[in-house]
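Heads up: the structure comes next, in structure tokens.
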Amino acid sequence: MVTARVVDLRSDTVTKPNEAMRCAMAAAEVDDDVLGFDPTAQKLEMEVAKIMHKEAALFVPSGTMANLISVMVHCEVRGSEVVLGDNSHIHVYENGGISTIGGVHAKTVPNNINGTMDIEKIVKAIRGVDGEMYYPTTRLICLENTHGNCGGRCLSVEYTDKVGEVAKKYGIKLHIDGARIFNASVALGVPVHRLVQAADSVSVCLSKGLGAPVGSVIVGSTEFITKAKRLRKTLGGGMRQVGVLCAAAYVALRDNVHKLSDDHRRAKILAEGLQQMEYFSVDLNSVESNMVYFDIKENSKISADRLCEVLEERCVIAMPSSSTRVRLVLHYQISDSDVQFALTCIKEGVDQILTGGKNGKIVQNLINVVPVSTV
């Protein structure tokens, strides 16, 4: 049986565990992690804490839970307020969990196109206890690095340090949603611990750029992690022999960080190829890590939905992020030849749409593509 070649560019969350990960999972030494005795979970947590130069760490099932726990630990008083970007993952894609579960109010500040928020706007958004008769009290600022909705843009050390200084000045905490913090580190050429030095807590996703099948890690002070562990149990994130998952995550952390630079290089090649197609526009300067957003020009008679349908027929899977925009994400299981294959299919797909032609290589029900990226 011949298997169709499929180039999956929906997200870096779609990677499959490789042989090294599967072997590590099969051989993992495990125990009950809820009771605090799983040795493989402890090994992973200690390694991530060491890399981040933080005191302690905690493995959790997902990045959404990691962010929710972090916000709730810092905002223990119900009705507390967090300052965060209006286009941030926590605010847009995490089901409003910080409010519905955590009782935390979101004060949004506009994200700039590079993922930052203006420092003066952050300061203006902070509300102290002197206004608590009427307003929520600000207890936390959240940043996102890399910033997904802004195209995988990288927040610099200088910017993060400035936000950290603001947090200290006003006696509040700083959390970094570092779902792709290793991508930022590689892209900027800055050690990852330096990027998060100003943060009181960081969530690190291991199942995105690094390619683990499951899991995120929260890092922070020992006191912070003690509280986080209790909340993990409350939210149903306490798992027993979780070392089976942590073993694969450890392999991803060990083996795949150095591969991120290739993802970034291929993203630039992909962006440059798309820019050469007359019906698309790409901001090449925005391609800093492993994401490429491209816009469909007006009056082209092409929609993002239709383009993705045609690409699926050609075994290239992508997701629209709006009616006129598509996001493509590179990961370590996408090769140079895959990028060229995707570019060829996109060009042929456009020709098919504009001419009303048919593609003879239709793959039925290859996958259910969901609208708008949520990862």
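No value in this document is a laboratory result; all are computed from the given coordinates. Everything numeric in this text was worked out from a predicted model, so none of it was measured. In this analysis, Cβ positions are derived from the backbone assuming ideal geometry, glycine residues included, and neighbour counts consider all displayed protein chains.
Could you list the GluC sites (Glu not before Pro) in region 20-112 that lie in coil according to DSSP, counting only those with at most 13 other Cβ atoms within 10 Å of their Cβ?
Qualifying residues, ordered by number: Glu29, Glu55, Glu76.
Return the FRET efficiency for the residue pair Arg306, Glu272: r is the Cβ-Cβ distance, R0 is 30 Å, and the value is rounded to the nearest 0.05.
Values: r = 24 Å, r/R0 = 0.80.
E between Arg306 and Glu272, to the nearest 0.05, is 0.80.
Highest GNM mean-square fluctuation, the chain, Cα pairs closer than 10 Å: which of Arg254, Arg127, Arg153?
Greatest mean-square fluctuation among the candidates belongs to Arg254.
Evaluate the relative contact order of region 1-153 (contact order divided by residue number), counting alpha-carbon pairs under 8 angstrom at least 6 apart; express in whole percent.
Relative contact order here is 19 percent.
Please arrange Leu260, Leu84 by how many other C-beta atoms lie within 10 Å of their C-beta, fewest to most.
Listing Leu260, Leu84 from fewest to most nearby Cβ atoms yields Leu260, Leu84.
Arrange the following residues from fewest to most other Cβ atoms within 10 Å of their Cβ: Thr226, Thr116, Thr137. Walk me through the numbers before you get to the answer.
Details: Thr226 13, Thr116 23, Thr137 18.
Listed from fewest to most nearby Cβ atoms, that is Thr226, Thr137, Thr116.
Restricting the calculation to Cα positions, tell me the Rg (one decimal) and the Dmax (whole number) of region 31-255 in Å.
Rg and Dmax of region 31-255, Cα atoms, are 16.5, 52 Å.
So for Asp305, Asp177, fewest C-beta neighbours within 10 Å to most, what's the order?
Lowest to highest Cβ neighbour count: Asp305, Asp177.
What residues qualify as long-range amide H neighbours of Phe280, i.e. H under 5 Å apart, gap of 5 or more or another chain, H built at 1.01 Å from N?
Amide H neighbours of Phe280: Lys297.
Could you tell me which trypsin sites (Lys or Arg not before Pro) in region 15-111 are loop residues by DSSP with no more than 16 other beta carbons within 10 angstrom of their beta carbon?
Arg78
For Ala20 and Asn95 in the same chain, what is the full-extension length gain: residue separation times 0.36 nm, less their Cα-Cα distance, in nm?
Here the segment from Ala20 to Asn95 would lengthen by 23.6 nm.
What dipole magnitude, in Debye to the nearest 20, does region 1-98 give about its Cα centre under +1 on Lys/Arg Cβ and -1 on Asp/Glu Cβ?
Roughly 400 debye, rounded to the nearest 20.
Using a Gaussian network model of the chain whose springs link C-alpha atoms within less than 10 Å, name the residue from Cys308, Cys75, Cys23 with the highest mean-square fluctuation.
Cys23
What distance in nm separates the simple spin-label points at Asp32 and Ser323, each placed 7 Å from Cα in the Cβ direction?
5.6
I'd like the GluC sites (Glu not before Pro) in region 232-310 restricted to DSSP loop residues with at most 15 other Cβ atoms within 10 Å, sorted by number.
Those that pass, being in a loop and sparsely packed, are Glu278, Glu298.
Please give the FRET efficiency for His258 paired with His53, using the beta carbon to beta carbon distance and R0 = 30 Å, rounded to the nearest 0.05.
0.90
About the Cα centre, and with charges only on the beta carbon of Lys, Arg (+1) and Asp, Glu (-1), how big is the dipole of the chain? Nearest 20 debye, please.
For this selection, approximately 220 debye.
For the chain, just list the percent of Cα-Cα distances falling in each 10 Å bin from zero outward, please.
5, 24, 30, 24, 13, 4, 0, 0
In the chain, if the dipole is taken from +1 on Lys/Arg beta carbons and -1 on Asp/Glu beta carbons about the Cα centre, which of Asn299, Gly63, Gln352 is farthest to the positive end?
After comparing all options, I get Gly63.
Taking 29 Å as the cut-off for C-alpha to C-alpha distance, list the pairs among Lys124/Lys297; Lys54/Lys268; Lys107/Lys301; Lys173/Lys233; Lys169/Lys227; Lys54/Lys208 that go past it.
Pairs exceeding 29 Å: Lys124/Lys297; Lys54/Lys268; Lys107/Lys301.
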